[in-house]
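Shown next, in structure tokens, is the structure this report addresses.
The values are calculated or read from the model by the stated rules, or taken from the named source; none is laboratory data. On a predicted model such as this, the values are computed, not experimentally measured, just so you know. Counting neighbours? That spans all protein chains shown, and the Cβs are built from the backbone with ideal geometry, glycine included.
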Amino acid sequence: MQRRPASPPTSVPRRLAPAPVGSALAVTAALIAAVWVQEIIDLFAFGGRLDSYGIEPRTPGTFWHVLTAPFLHYGFPHLIANTVPLAVLAFMSAVRGVGRFVAVTLVVVVVGGGLVWLFARGGSVHLGASELIFGYLAYLLGVGWWERTPAAIGVAVVAGALYGGILWDVLPGNPAVSWEAHLFGFLAGLLAAALLHGRRPGRVDERR
């Protein structure tokens, strides 16, 4: 007597995850909208007074300003100058995954801003998205170094070709520009790349 083979269980179709490009576009648009809406509210409702929530190095009770400073700007010219590089580099970083993008942003904001609070020039207020811009650029370059895959290296080359020239701004120069935020944002971006991509897969023993 033959046994009839059991019919295979019906598989439930899985929900497709959002495309990485679509998710990256959405989170980038949300970031850009947030900094623009904040600046509009600051200028027209508060008269620019929210700029006082920038980073004031070593001023007691203001360390938490590291969470607000990267999203504040000294008026529309400052914001306009930062918008395009922020959008491009944020999108290139977010394509690798929204979760990683959020983690990178937190590292750049907290570590980079914390170093600015500790070591930047006193008697000044540091704010602006350039800390994020330098952090995302460093992250993309760091991923290319750590992963060394064609895709990661290609993205790093494109990012470097587009915005590598801004690396001169990590050096002291114009006293009205926070080179400290540039430098420490860049170092924090490298740290984020090392934390998230520094573990390369081990070699497989082919003799087994």
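Here are the numbers for this structure:
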read-out: Residue among GLY135, GLY61 that is of a type in the set (Gly, Ala, Ser) and touching a Phe, Trp or Tyr at 6+ places or on another chain (Cβ under 9 Å); value: GLY135
read-out: Odd one out for VAL35 among (1) over 21 Å from THR105 (Cα atoms); (2) of a type in the set (A, V, I, L, M, F, W, C); (3) buried (at least 19 other Cβ atoms within 10 Å of the Cβ); value: (1)
read-out: Pair list, Cβ < 6 Å and 6+ apart or interchain, from the range 123-141 residues that are farther than 17 Å from VAL35 by Cα to residues that are β-branched (Val, Ile, Thr); value: TYR139/VAL104; LEU140/VAL155
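Rundown of residues vs (1) part of a loop (DSSP other than H, G, I, E, B); (2) of a type in the set (A, V, I, L, M, F, W, C); (3) closer than 20 Å to VAL125 by Cα; (4) at pLDDT 95 or above, yes/no style:
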| position | (1), (2), (3), (4) |
| --- | --- |
| ARG3 | yes, no, no, no |
| ALA6 | yes, yes, no, no |
| LEU16 | yes, yes, no, no |
| ALA33 | no, yes, no, yes |
| PHE44 | no, yes, no, yes |
| ASP51 | no, no, yes, yes |
